[in-house]
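Data block below; observations after.
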Amino acid sequence: MSERIPCTNPACGNTVLPATAAANGGLCAPCLGAIRKKEREEYIRLNRRTVNLYEGVTDPVEIAIIMLSRRRYDPLIAYAPSPVSCENLFASFTASDGARLAEAAAQAFDNGNVDLAEDIAKTLATLTDYDLTEMLRVFVRADHHWPAIAFRGAKPEIRNAIILSLNAGQANANHALSALAWIGDDVVRESFLKWDAEVPAWVSKLHVAPSAYAEEAGWKVVGDKRCNLFHEECLAITQVPEGNEDASAKLFQKTEQACPWCGNSLSHMIDLDLSDPRFSFLGFTGPRLLVLTCHACTCYGGGFFSKIDHEGIAVPHALGVKPEWLPDPSSEWGAPAWRDVPFALTPRRAIHSADWCMELKSSQIGGLPCWVQDSEYPKCPECSTTMQFIAQLNQDDLPGHEGTYYAFLCYSCRTTATSYQQT
Ligand SMILES: [Zn+2]
Ligand SMILES: [Zn+2]
Ligand SMILES: [Zn+2]
């Protein structure tokens, strides 16, 4: 057996077999790998070029298609960013732009570019109110019922096609039920209840009852009625320069109360001055709406419950359950990202940020929640009713932070809940 010899890199203590040394110019494998990696990086640095796919493009529909097309990663290409944000681009659309883009999605679908078709569909569905029937016709013809949100408020012909496809055993039941939830009309509600009771073959494979899918689109069946778990009105919470902030709402202000579980100071996730008429859609009575939480404990376990008493003071709920596991109480808990950030409230469409994958800013009061994981409306600890969503603070809206806090309310018991999700 031949004796190992030292690697020729003087900074390296490895030894190599003579045969390896001969093949690698005297270097050990890690040293050779490091040199090759450096050479590759240098090559990329020298040869990387910027490609501006938007150059000379002025048609908003074309801009949208470029923006929503997925590109294979190429280290030698740096793509120039879009000249306009997705939100501003779609806000500038005319009805004819909307129709042309929907047509482009239908064509992409027919040509097998399903990713592009789906991305256009959900962007049109969340950022505009256009009728998407013609595009959805192409989807349902292929028993394709995804992304579910693209079916928001779809017409009876689309709904009937989905129901037929389910009953024929052709649909992906998960997708089809989610799409039906976003349609959410009387026939959908009745069908959900019927399938709950009759349990057709395709239902037995699901993990939850068909009617449970309603929650994905923010509603539930109560008796024989649809009951929304969200508010149709929505106020976006957007960071603004100091001095321009909204005075009628406060976020995550500390209170004098200590968390009964971890000892951190409790804070009001939201504190709304209800004399501001912009909050009247919430339908809550009293001088203020306070959602008390522990920003630490709410990240663990089933959420943090509080109660607003008749003087309007919020206290931790006696029926709250301490999370089974909490981090070491001595560990430093960073302040919640939105505390002390100046912000303004501006009206926005309720569905605007409901699709998490679109990575839009989603902090808001009212509207539909943007679930990072599965939809999870808490149950009131007093009456067991599913609580209504009233606000969310997405920490990703602020640089260097992540995770979303959600706030819920049971109007009859005046109980509040907070929860938290992150990727
Ligand atoms: Zn070496
Ligand atoms: Zn706590
Ligand atoms: Zn209740």
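Rule-based calculations on the coordinates, nothing more; no lab input. Since we're looking at a predicted model, the values are computed, not measured. No Cβ is skipped: glycine too gets one built from the backbone with ideal geometry, and neighbour counts run over all protein chains shown.
Give me the extension gain from Glu103 to Glu242: residue separation times 0.36 nm, minus the current Cα-Cα distance, reported in nm with one decimal.
Going from the current span to full extension adds 45.7 nm.
Which chymotrypsin sites (Phe, Trp or Tyr not before Pro) from segment 260-350 combine a DSSP loop assignment with at most 13 other Cβ atoms within 10 Å?
The qualifying sites are Trp325.
Which shape class applies to segment 5-47: rounded if a/c is under 1.5, otherwise prolate when a/b exceeds b/c and oblate if not, where a ≥ b ≥ c are the square roots of the Cα gyration tensor eigenvalues?
Note, shape of segment 5-47 comes out prolate.
Just to be sure I understand the curve: with the Debye formula and one point per C-alpha of segment 21-133, what is log10 I(q)/I(0) at q = 0.14, 0.17, 0.24 Å⁻¹?
-0.67, -0.85, -1.31
What is the magnitude of the charge dipole of the chain about its Cα centre, with +1 placed on the Cβ of each Lys and Arg, -1 on the Cβ of each Asp and Glu, and no other charges, expressed in debye to the nearest 20?
The dipole magnitude comes to about 860 debye.
Fewest first, what order do Tyr405, Tyr79 take by the number of other Cβ atoms within 10 Å?
Taking fewest neighbouring Cβ atoms as first place, the list is Tyr79, Tyr405.
How large is the convex hull of the C-alpha atoms of the chain per residue, in Å³?
Cα-based convex hull of the chain, divided per residue, equals 253 Å³.
When the chain is fully extended, how far beyond the present Cα-Cα distance does Asp340 get from Gln422, taking 0.36 nm per residue of separation?
27.3 nm
Let me know the charge dipole size of segment 89-228 about its Cα centre in debye, to the nearest 20, where only the beta-carbon of Lys, Arg (+1) and Asp, Glu (-1) is charged.
Using only the charged Cβ atoms, the result is roughly 260 debye.
Please work out the FRET efficiency for the pair Asp129 and Val315, using the Cβ-Cβ distance as r and a Förster radius of 45 Å; give the result to the nearest 0.05.
0.60
Taking +1 at the Cβ of each Lys and Arg and -1 at the Cβ of each Asp and Glu, which of Ile5, Tyr43, Leu68 sits farthest along the dipole of segment 1-101 towards its positive end, judged by Cα position relative to the Cα centre?
Result: Ile5, furthest along the dipole toward the positive end.
Among all stretches of the chain without exposed GluC sites (Glu not before Pro) (DSSP loop, at most 16 other Cβ atoms within 10 Å), which one is longest?
Segment 56-241 is the longest.
Counting Lys and Arg as +1 and Asp and Glu as -1, each charge on the Cβ, what is the dipole of segment 5-47 about the Cα centre in debye, to the nearest 20?
100 debye
Count the lysine pairs in the chain whose Cα atoms sit under 18 Å apart, keeping only pairs 8 or more residues apart in sequence or on different chains.
Value for the chain: 10.
Using the Kirkwood radius built from alpha carbon pairs, what does the Stokes-Einstein equation give as D for segment 89-228 at 25 °C and 0.890 mPa s, in µm² per second?
Once the numbers are plugged in, D ends up at 160 µm²/s.
How big is D for segment 231-421, in µm² s⁻¹ as a whole number, if Stokes-Einstein is applied with the Kirkwood radius of its Cα pairs at 10 °C and 1.306 mPa s?
It comes out at roughly 95 µm²/s.
Using Cβ contacts closer than 10 Å as the measure, can you line up Val57, Val16 from fewest to most?
Arranged by neighbour count, lowest to highest, Val57, Val16 become Val57, Val16.
Taking the Cβ of His207 as the center, what net charge do the other residues with Cβ under 15 Å away carry, scoring Lys and Arg +1 and Asp and Glu -1?
That sum, taken over residues with Cβ under 15 Å, equals -4.
Using a 10 Å cut-off around each Cβ, can you sort Arg48, Arg159 from fewest to most neighbouring Cβ atoms?
Fewest-to-most ranking of Arg48, Arg159: Arg48, Arg159.
Simple spin-label model, 7 Å along Cα-to-Cβ: Leu76 to Glu190 in nm?
It is 6.2 nm.
Please compute one quarter of the surface area of the Cα convex hull for segment 159-297 and express it in square nanometres.
12.8 nm²
For Asp328 and Cys413, compute 0.36 nm times the residue count separating them, minus their Cα-Cα distance, and round to one decimal in nm.
27.3 nm
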